[in-house]
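The values are calculated or read from the model by the stated rules, or taken from the named source; none is laboratory data. As the structure is a computational prediction, the values presented were derived from the model and not from experiment. Cβ coordinates were reconstructed from backbone atoms using ideal geometry, including for glycine residues, and neighbour counts include every protein chain displayed.
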Amino acid sequence: MHRVQAYIDQHLEAPLDLQALAAVAHFSPYHFHRLFLAWTGQTLGDYLARRRLEKAAQRLRGQPDSTVLGIALSVGYGSAEAFARAFKARFGQSPTQWRNLDQADSNLDQGGAWQAGEHGFSANFEARDRVNVRLIDRPPVRMGYLRYQGAYGPALSRFWAETFDPWLAMQNLGAVSRLGIGHDDPSLTLPEQCRYDAGVAVPADWVPNGGALVTELPGGRYAALDFEGTGAEIGAAWAALMGRWLPSSGLQLDARPCIEHYGPGSRFDLKTGVFDCELCIPVAPL
């Protein structure tokens, strides 16, 4: 099912039908549809519509030079009109209105259901005012990981400390890079639907254990921002990178995942909760 979700995010522009996705999961279409509904709490059609609109909302903000029609086509809509109707039904405003909102309002209430503050994010991170970004090339990585689903913020920090770190200590991997993959934008996705993988680079002969899974992270060009702060501040750092730097960079996001890279020398202060890592977003030419 994780492979199916990754495949969907990488092929939103394509006509993703039941048969094709069932084949990715190695299930019959009948069993796949039942399992997908039980596992995600959404029908396949509802899930696809949600992911397409969430990606479109992200691209409208991060790609100001792309047309609404271009973004509509990039997430699988056949016309700007159909896209605009679906977008307004989901977010309560047209794609153009959404794009033109001041960035400071981007995390405000969506339909009254929740606000980004519920994720534990702080608005005080200095990267909102100063974003020092560099372009890097990351190699491919084989990653063993444990998945967390729920609100980002304190609960995710506890997952790292209470679930992932004890599991990692049993792997005898030595000083290796740890990786965090946030699959969903918490300003767009409901807290209970947000997915996050806490992982570690593993060798080719490593065998998944203890409930872990394994995936291959593609390499390539990324924009990187050094972060130092607490878990309550990292959301604002991501917002600075995606909302302030990306729109004026002449680049766009592609379908690879965004990465938190914790190198072997990364620090964590138990008393203050301050840690450091490298925030990496996959970029490609417009």
Legend entry - Any hit, region 75-88, residues being touching a Lys or Arg at 6+ places or on another chain (Cβ under 9 Å), on the phi > 0 side of the Ramachandran plot and outside the structural domain of Trp245 (by TED's automatic domain parsing): yes
Inset, instruction - Kindly establish whether Glu228 is among the acidic types (Asp, Glu), assigned by TED's automatic domain parsing to the domain that holds Ser177 and surrounded by 20 or more Cβ atoms within 10 Å (Cβ to Cβ). - result: no
Legend entry - Gly273 being more than 30 Å from Leu37 (Cβ to Cβ) and either assigned by TED's automatic domain parsing to the domain that holds Gln149 or of a type in the set (A, V, I, L, M, F, W, C) (or both): yes
Inset, instruction - From Leu217, Leu173, grab the single residue that is at pLDDT below 95 and surrounded by fewer than 19 Cβ atoms within 10 Å (Cβ to Cβ). - result: Leu173
Inset, instruction - Can you give me the number of residues within region 256-282 that are surrounded by 11 or more Cβ atoms within 10 Å (Cβ to Cβ) and in contact with a Ser or Thr (Cβ under 7 Å, 6 or more places away or on another chain)? - result: 8
Legend entry - Test: residue in region 257-277 that is of a type outside the set (Lys, Arg), farther than 24 Å from Arg147 by Cα and touching a residue at least 60 places away in the same chain (Cβ under 8 Å): no
Inset, instruction - Output the residues belonging to region 180-223 that are hydrophobic (A, V, I, L, M, F, W, C) and over 20 Å from Met1 (Cβ atoms). - result: Leu188, Val200, Ala201, Val202, Ala204, Trp206, Val207, Ala223
Legend entry - The one condition in (1) at pLDDT 85 or above; (2) aliphatic (A, V, I, L, M); (3) buried (at least 18 other Cβ atoms within 10 Å of the Cβ) that Ala116 fails to fulfil: (1)
Inset, instruction - Could you grab me the full set of residues in region 1-60 that are of a type in the set (Asp, Glu) and assigned to a helix (DSSP H, G or I)? - result: Asp9, Asp46, Glu54
Inset, instruction - Need at least 3 residues that are within 17 Å of the chain's Cα centre (by Cα) and touching a residue at least 40 places away in the same chain (Cβ under 8 Å) per element, so show me which strands (runs of 3 or more DSSP E) inside region 125-222 make the cut, counting only ones lying wholly within it. - result: 141-149, 178-182, 195-201, 213-217
